[in-house]
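Colleague: There's a structure below that I have some questions on.
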Amino acid sequence: MDDTLGVYISLYGVKPNGEDQSANINLALASGNTKFIFPKGTIRVDKKIQINNRAVEFIGHNNGRSQENATILEFYGEGEFISLGNSSTPGFSGQQGFTLRQISLIYKGSSRGNLKNPFAVSASNGWYGTGTYGIRDWRGGGIKLIDAQIEHFEYGVWGTQSDINRFNNLQLFYNKCAIYMEEKSDQFLGEGLYTFGNDNTITMVNCTGGRFLNCQFVKEGSQGTYPVELNGCFSMLFAGNWYESTGNYGATVPAYIRLGASSECRNIVVRSSTLAIGDKINGTVPQVNYFIEVVTGRSIVIDEAGGYLRNLKKLVGFSGGSSIQDVYVKLANTVPYSDGKYHDENGTGRAAILIEQHDENGKTVMGLTRTKAQAGSVQRLTGGLWTRIALDKSAFDELGEFDNVKYQWTAKHTGYYRITSLQMTGVQQAGNRLQLALFLNTGDSTGGTPWTFLDDRTSPVTGGGAVSGSVEVKVNAGYKIDLRMLSTNDTTLLGGSSNYLIITRI
């Protein structure tokens, strides 16, 4: 027999006859051979398959659910189905290089928990094997899963210090967590993955150098679970992937990708993404709130996102209380959102976002401060008293920085700003002095000391008056600025678009 092709595992008694084959498979592994060819059909396994050799290969005949055309290993046991090494190994186990090719691993036991994924539930596949692992790797790595399928496990693939893994054209269906990698499971490559109906598709903790390329994530997540979770991860790339919502089944996925919920992520690049976000649930509720939610993240890059975005609430959400949150977004076209914003700051942290929109006219930098507040009605000012101007309407406020109740602007980012205002008044007496100034970080709406002046003029004759001015200032994030006027005599400010305050970041 040609050893390069492998040994037919049927020589060790492994048959698709409906009886438990775990003893025969473990007998084959103890023979010293490492490459085994499995027959077509469904092979029942009731106990763990323990692999303690290097470079073991299981090779089948197509993956899928059809017994006539595929090799299917059905697991009826508890815990680990295929175990590489064991938990007692303190360091690198040596059980490196396991390959699974053209084989399906499916849990069929009776110890079952309920998935939260609304599509899986609707398709009568809303269950998984509690406490089960399709493949569990203890400090080995070098795993190759090629044209394989794993479904209905609590963890489809689980690894610790499991680095340099290569998953190609792997299908992952109806798992509680399809792929879980932790603690130096570095240099991961997932290419052409097809995932479907999982609560959580990928969780990676303290990993570096992972890549997910040309994958299809279809109907993933739930109202309480994120399809992709990264914590403490660095230098990760998601490129050319398809991200599809769960469908109109009554649950909103909070975000497709969540970064840094427990520890900072850095240098995460999400490139050339296609989002297939369907119609709103019952016509009102989005199926996915955010494409990416940043809790603690630095140097996060979104380079091109397109597809069906109209029912995505926002491209980015900032949550948590971290001061380390920055995202750079580069888009070729305008992403359509009802309020014109690309992100929400829905936490207590300081978030920074920079948007570049590219079209035939060149590059437009978006996501910067662009605020225009206006007076909605006439305001009466008492003479001799600095009084905050009641700018209770917003013509535009790109970052949501202006408070139309307190009439204050709060800077979200440190930087240089140009502040301009025009205030028209009613009839002024000759000799009446009008002053217009900005006030910084003051709580009271009257009195105080000006921070910087915009205008100071005296009416030469009786008639309508006006004050206006522009200034460039440096402002720190969190600074609060309001606009006030001082008139020698009682006066009236006109309402409407003629009385405004404009603030732009420069």
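The values are calculated or read from the model by the stated rules, or taken from the named source; none is laboratory data. Only a predicted model underlies this, so the values are computations on that prediction, with no experimental measurement involved. Neighbour counts are summed over all protein chains in view; Cβ atoms, including those assigned to glycine, are modelled from backbone coordinates with ideal geometry. All accessible areas refer to the heavy atoms of the entire protein, side chains included, with ligands and DNA or RNA removed. Shrake-Rupley method; radii C 1.70, N 1.55, O 1.52, S 1.80 Å.
Colleague: Determine the pairs where a residue that is surrounded by 14 or more Cβ atoms within 10 Å (Cβ to Cβ), located within segment 14-33, has a partner that is in a loop (DSSP other than H, G, I, E, B) and of a type in the set (A, V, I, L, M, F, W, C) with Cβ atoms under 8 Å apart, the partner being 6 or more residues away or on another chain.
Modeller: V14/F38; Q21/V14; N24/V14; I25/V14; A28/V14; L29/V56
Colleague: Taking T201 as the residue in question, decide whether it is under 20 Å from G79 (Cα atoms), in a strand (DSSP E or B), modelled with pLDDT of 95 or more and touching a Pro at 6+ places or on another chain (Cβ under 6 Å).
Modeller: In short, yes.
Colleague: Something else: Of all residues in segment 57-71 being in a loop (DSSP other than H, G, I, E, B) and either modelled with pLDDT of 95 or more or among the small types (G, A, S) (or both), which is most open to solvent (accessible area, probe 1.4 Å)?
Modeller: In this case the residue turns out to be S66.
Colleague: Kindly provide the set of residues from segment 263-287 that are among the aliphatic types (A, V, I, L, M) and either in contact with a Gly (Cβ under 8 Å, 6 or more places away or on another chain) or more than 20 Å from Y249 (Cβ to Cβ) (or both), ordered by number.
Modeller: If the condition is that a residue be among the aliphatic types (A, V, I, L, M) and either in contact with a Gly (Cβ under 8 Å, 6 or more places away or on another chain) or more than 20 Å from Y249 (Cβ to Cβ) (or both), then I268, V269, V270, L275, A276, I277, I281 are the ones that fit.
Colleague: Only one of these conditions is not met by S111: (1) within 26 Å of N206 (Cβ to Cβ); (2) in contact with a strand residue (DSSP E or B) (Cβ under 7 Å, 6 or more places away or on another chain); (3) open to solvent by 20 Å² or more (accessible area, probe 1.4 Å). Which number is it?
Modeller: (1)
Colleague: If we scan segment 112-122, do we find a residue that is part of a loop (DSSP other than H, G, I, E, B) and free of Cβ contacts under 8 Å to residues at least 60 places away in the same chain?
Modeller: Scanning segment 112-122, I find no residue that is part of a loop (DSSP other than H, G, I, E, B) and free of Cβ contacts under 8 Å to residues at least 60 places away in the same chain, so the answer is no.
Colleague: Quick one: count up the residues across segment 204-246 that are in the same structural domain as S273 (by the TED database), crowded, with 19+ Cβ neighbours inside 10 Å, in contact with a Gly (Cβ under 6 Å, 6 or more places away or on another chain) and assigned to a strand (DSSP E or B).
Modeller: 1
Colleague: Please return the ranges of strands (runs of 3 or more DSSP E) entirely within segment 276-358 where 3 or more residues are open to solvent by 10 Å² or more (accessible area, probe 1.4 Å) and modelled with pLDDT under 85.
Modeller: The strands (runs of 3 or more DSSP E) meeting that bar are 297-308, 343-345.
Colleague: From T195, T246, T252, T201, grab the single residue that is touching a residue at least 40 places away in the same chain (Cβ under 8 Å) and of a type in the set (V, I, T).
Modeller: T246
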